[in-house]
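Just below is one structure, and these are the notes that go with it.
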């Protein structure tokens with residue numbers, strides 16, 4: 001076996017009931033959900049387990065909820081005795097990775113992402129921003145089209161480089177709509193508008209970045225015990241000052257997920273363990289390189305059946 005990376009999902013992977021099976025069966029997992037409730041001062045666990053889905057989808061609930069589920073599964077997965085060579089997370093998932101690497105305490109992380117969610121929700125008035133998934137087409141051709149549309153119609157930028165043939169764009173409602181209409185010009189098969197509350201990972205999120213910077217400035221951080229591959233650079237970081245700045249930049253910058261996974265594979269990673277709700281990252285990683293092994297730790301059953 002080569003090297004192992006733990007990876008953690010971001011927004012879009014949430015589901016009502018995630019982690020309930022381990023909450024009900026394992027005191028260590030229950031403790032994580034209870035600590036989240038205590039840190040936030042409200043029953044986040046009730047929203048996670050009972051919903052409704054519309055409540056869980058609110059960004060400032062979604063973000064701490066996903067983090068909590070990931071850390072609960074991580075807590076139990078530690079019993080397998082596998083230590084990662086690297087950790088990474090998709091957007092919000094980067095905070096779960098930082099908890100896994102010992103950079104942030106769980107309580108600090110859950111409070112920070114709650115604030116991050118609020119800032120992102122408030123950065124652009126409802127209905128003025130949008131995002132869409134572009135299926136097919138080349139990255140540079142899409143980047144050029146986005147630049148043209150930004151000049152002519154309204155801001156639209158590359159937000160998430162998820163895998164070959166799947167890029168998410170983000171920006172003004174008008175800019176994104178123009179790409180929906182013109183995507184075929186650059187070879188896109190489909191452009192699918194996404195149900196989101198704002199234009200995440202675009203320059204329209206600058207105000208959220210600035211507010212997050214103030215919060216992060218007061219959060220204690222340790223050197224990473226394991227290299228954390230950052231979304232903004234697709235390269236490893238371990239020093240708190242650099243991590244802080246990259247977390248600020250991440251809110252208004254592209255998530256280089258495909259680049260991050262490709263870099264990890266180039267370092268010899270051939271086992272990826274996705275820890276948290278869903279299987280979104282497993283799907284993306286397999287589209288980047290079918291030869292690697294990917295495991296999704298998202299249920300009590302998955303934990304029990306896991307074996308390398």
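The values are calculated or read from the model by the stated rules, or taken from the named source; none is laboratory data. This is a predicted model, so every value here is computed, not measured. Here Cβ is always computed from backbone atoms with ideal geometry, including for glycine, and neighbour counts include all displayed protein chains.
Here is how the numbers come out for the structure above:
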read-out	value
Index of the failed condition, residue 308 passing every other in (1) assigned to a loop (DSSP other than H, G, I, E, B); (2) surrounded by fewer than 22 Cβ atoms within 10 Å (Cβ to Cβ); (3) modelled with pLDDT of 95 or more	(3)
Any hit, segment 136-152, residues being modelled with pLDDT of 95 or more, within 25 Å of residue 116 (Cα to Cα), out of contact with any helix residue (DSSP H, G or I) (no Cβ under 6 Å at 6 or more places or on another chain) and outside any helix (DSSP H, G or I)	no
Residue ID - surrounded by the most Cβ atoms within 10 Å (Cβ to Cβ), chosen from residues in segment 220-265 that are assigned to a strand (DSSP E or B) and touching a helix residue (DSSP H, G or I) at 6+ places or on another chain (Cβ under 7 Å)	229
Hits in segment 167-181 - residues which are in contact with a strand residue (DSSP E or B) (Cβ under 6 Å, 6 or more places away or on another chain) and more than 20 Å from residue 233 (Cβ to Cβ)	169, 171, 173, 175, 176, 179, 180
Some residue of segment 156-170 being more than 22 Å from residue 253 (Cβ to Cβ) and surrounded by fewer than 22 Cβ atoms within 10 Å (Cβ to Cβ)	no
When residues of segment 266-289 are limited to those that are farther than 20 Å from residue 70 by Cα and assigned to a helix (DSSP H, G or I), the one farthest from the chain's Cα centre (by Cα)	266
Odd one out for residue 27, checked against (1) touching a helix residue (DSSP H, G or I) at 6+ places or on another chain (Cβ under 8 Å); (2) surrounded by fewer than 19 Cβ atoms within 10 Å (Cβ to Cβ); (3) more than 18 Å from residue 117 (Cβ to Cβ)	(1)
Scan of segment 196-207 for residues that are in contact with a strand residue (DSSP E or B) (Cβ under 9 Å, 6 or more places away or on another chain) and either surrounded by fewer than 20 Cβ atoms within 10 Å (Cβ to Cβ) or under 12 Å from residue 121 (Cβ atoms) (or both), ordered by number	196, 197, 198, 199, 200, 203, 205
